[in-house]
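Here's the structure, in structure tokens; my notes come after.
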Amino acid sequence: MLIASALILATFAGYTLLCMASPFGTCRKCDGIGAKLTLKRSGKVKRVKPCRRCKGQGKRLRVGRRLHNQSREIHRAGSR
């Protein structure tokens, strides 16, 4: 039981450090390309339209970083 809880805490701490060091991850929908791809008749790849999830950037804000930003905003609004 102690080992399992220590492992969970270590995983949580590692993800927190990852979110602090690199707040953006690649978009899962477009795999970081930033657009929907199709093939032309000639067989070449064509970018059709920007990805709706990442708005064509190819990056998205990680869930942990989003939670951190939201908690900072709540704290800032409550301490005024």
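Quick look at the values:
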quantity: Computed label-point distance, nm, for sites Ala77 and Leu37 using a 7 Å Cα→Cβ extension; calculated: 4.1 nm
quantity: From the coordinates shown, semi-axes √(5λ) of the Cα gyration tensor in Å corresponds to which of [x] 34, 14, 7; [y] 23, 16, 11; [z] 36, 20, 8; calculated: [z]
quantity: On Cα atoms only, tilt of 63-78 relative to the major axis of the chain in degrees; calculated: 60 degrees
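Readers should treat all values here as calculations from the given coordinates under stated rules, not as data from a laboratory. Worth saying up front: this structure is predicted, and the values here are computed from it rather than measured. Reconstructed Cβ throughout: ideal geometry from the backbone, glycine too, with neighbour counts over all protein chains shown.
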